[in-house]
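Peer 1: Submitted below is the structure of interest, expressed as structure tokens.
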Amino acid sequence: MDQRNAVPAYETEDDDGLSPYRIFQRDEWARLRADAPMTLTADEVVQLQSLNDPISLDEVAAIYLPLSRLLSLYVAATQGLFKATQRFLLAEKEEKVPYIIGVAGSVAVGKSTTARVLKALLARWPNTPKVDLVTTDGFLLPNAELTRLGLMERKGFPESYDTGKLLHFLADIKAGKRNVHAPLYSHLVYDVVPGEETVVDRPDILIVEGLNVLQPARMPKDGTAIPFVSDFFDFSVYIDADEADLHRWYVNRFLRLRHTAFRDPLSYFRRYAELPEDEAMATADGLWNRINLLNLRENIVPTRQRASLILKKGASHRIETVALRRL
Ligand SMILES: Nc1ncnc2c1ncn2[C@@H]1O[C@H](COP(=O)(O)OP(=O)(O)O)[C@@H](O)[C@H]1O
Ligand SMILES: CC(C)(COP(=O)(O)O)[C@@H](O)C(=O)NCCC(=O)O
């Protein structure tokens with residue numbers, strides 16, 4: 001096995017029962033939906049899916065409704081624990097603390113679709129919680145800074161983010177601050193958009209989606225402790241798929257974008273809209289192999305075992321197995 005991929009397997013349960021994960025085949029997991037009602041329509045599901053990341057109502061029923069049910073139990077348990085701490089501290093008034101869910105995985109695995117479907121389902125729980133979603137691309141260094149640092153070919157690698165800014169953002173959210181601002185990234189212009197922000201105002205649940213959300217902190221030499229982004233998470237989901245599938249999904253999405261987003265005069269990839277298909281494919285292959293595959297192997301896959309839940313997709317984007325941490 002390639003050393004770079006030498007991450008312990010989670011997909012097979014050890015005979016000795018030492019695996020940190022309980023593995024479910026799709027059908028077994030689907031049964032755990034129990035009495036959770038379907039709250040999305042087929043049309044709404046279509047609206048939530050990303051380009052080249054098909055998702056069906058059946059997928060929502062089999063995978064995401066059991067997950068929504070699990071999360072409703074976990075959120076209630078965490079709130080109970082929080083209340084216990086408040087009682088212990090003889091606190092006069094109970095502040096609410098947002099429950100934070102991280103969504104990690106490769107470029108082109110479909111994190112955005114998963115995050116949007118989860119947001120929609122959780123917001124439709126009977127107590128209608130306020131659910132917000134933030135993507136970490138807003139915390140990327142601007143292209144001018146990446147160019148100055150020689151990091152344009154490392155976009156999406158841990159060093160291409162302003163991790164300090166992301167940590168402060170999450171600390172403010174967990175501290176219960178109001179109107180916390182997060183910067184925004186545009187896939188169209190391929191850069192952070194100066195002055196554009198999203199505002200997060202004390203949600204009940206915040207979903208944080210990005211390649212590197214399970215990344216450990218790089219330890220400073222002076223011995224000071226830096227938190228991990230995931231220290232702020234109450235739960236995390238890693239979306240997993242085989243390299244060959246991810247490669248194909250990335251290239252196919254790139255080819256489809258030539259007929260849509262790349263035609264926009266503002267698109268960073270404008271020049272690729274006119275390329276013949278074989279040249280466009282070679283460009284997409286290059287971006288995948290030079291940047292995204294390297295990042296997947298070096299930084300993203302090694303964080304997989306840190307997730308609370310691993311959703312493993314098959315070649316058609318359907319989730320085939322689910323691995324749930326035993327806590
Ligand atoms: N060059 C691009 N132009 C426009 N949209 C893009 C481009 N690249 C990716 N996207 C969109 O950005 C979103 C995030 O993509 P990505 O970071 O690969 O994560 P994932 O596929 O896991 O959601 C997706 O909805 C995708 O369709
Ligand atoms: C913007 C991204 C780094 C994803 O960022 P994330 O929201 O996961 O933090 C990624 O979609 C990307 O553009 N990667 C650079 C290589 C490429 O163009 O595919």
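Peer 1: Working only within segment 58-87, note down all residues that are of a type outside the set (A, V, I, L, M, F, W, C), surrounded by 12 or more Cβ atoms within 10 Å (Cβ to Cβ) and out of contact with any helix residue (DSSP H, G or I) (no Cβ under 7 Å at 6 or more places or on another chain).
Peer 2: Listed by number, the residues that qualify are ASP58, GLU59, ARG69, SER72, TYR74, THR78, GLN79, LYS83, GLN86.
Peer 1: Report, by residue number, each residue of segment 173-230 that is open to solvent by 40 Å² or more (accessible area, probe 1.4 Å), closer than 29 Å to ARG271 by Cα, in a strand (DSSP E or B) and aliphatic (A, V, I, L, M).
Peer 2: The answer is LEU184, and nothing else.
Peer 1: Of a type in the set (D, E, K, R) and surrounded by fewer than 19 Cβ atoms within 10 Å (Cβ to Cβ): is that true of ASP234 in this structure?
Peer 2: When the stated conditions are applied, ASP234 does not pass them.
Peer 1: Pick from segment 76-102 the residues that are out of contact with any Asp or Glu (no Cβ under 8 Å at 6 or more places or on another chain) and under 30 Å from ARG31 (Cβ atoms): which of them is farthest from ligand 1 (Cβ to nearest atom)?
Peer 2: Only one residue fits best here, namely GLY80.
Peer 1: If you go through segment 103-122, how many residues are touching a Gly at 6+ places or on another chain (Cβ under 9 Å) and more than 13 Å from ligand 1 (Cβ to nearest atom)?
Peer 2: Residues flagged as touching a Gly at 6+ places or on another chain (Cβ under 9 Å) and more than 13 Å from ligand 1 (Cβ to nearest atom) within segment 103-122 amount to 0.
Peer 1: Moving on. Is it the case that ILE239 is more than 19 Å from PHE139 (Cα to Cα), outside any helix (DSSP H, G or I) and hydrophobic (A, V, I, L, M, F, W, C)?
Peer 2: yes
Peer 1: Would you mention how many residues in segment 271-327 are assigned to a helix (DSSP H, G or I), open to solvent by 30 Å² or more (accessible area, probe 1.4 Å) and not charged (D, E, K, R)?
Peer 2: Summing the residues that are assigned to a helix (DSSP H, G or I), open to solvent by 30 Å² or more (accessible area, probe 1.4 Å) and not charged (D, E, K, R) in segment 271-327 gives 8.
Peer 1: Failed condition for ALA42, given (1) crowded, with 20+ Cβ neighbours inside 10 Å; (2) at pLDDT below 95; (3) in contact with a Leu (Cβ under 8 Å, 6 or more places away or on another chain), with all others met?
Peer 2: Failed condition: (1).
The values are calculated or read from the model by the stated rules, or taken from the named source; none is laboratory data. Quick caveat, the model's predicted, so the values are computed rather than measured. Quick reminder, even Gly has a Cβ in these numbers, built from the backbone with ideal geometry, and neighbours come from all protein chains shown. Quick note on the areas: whole protein, heavy atoms, side chains included, nothing else; ligands and nucleic acids left out. Shrake-Rupley method; radii C 1.70, N 1.55, O 1.52, S 1.80 Å.
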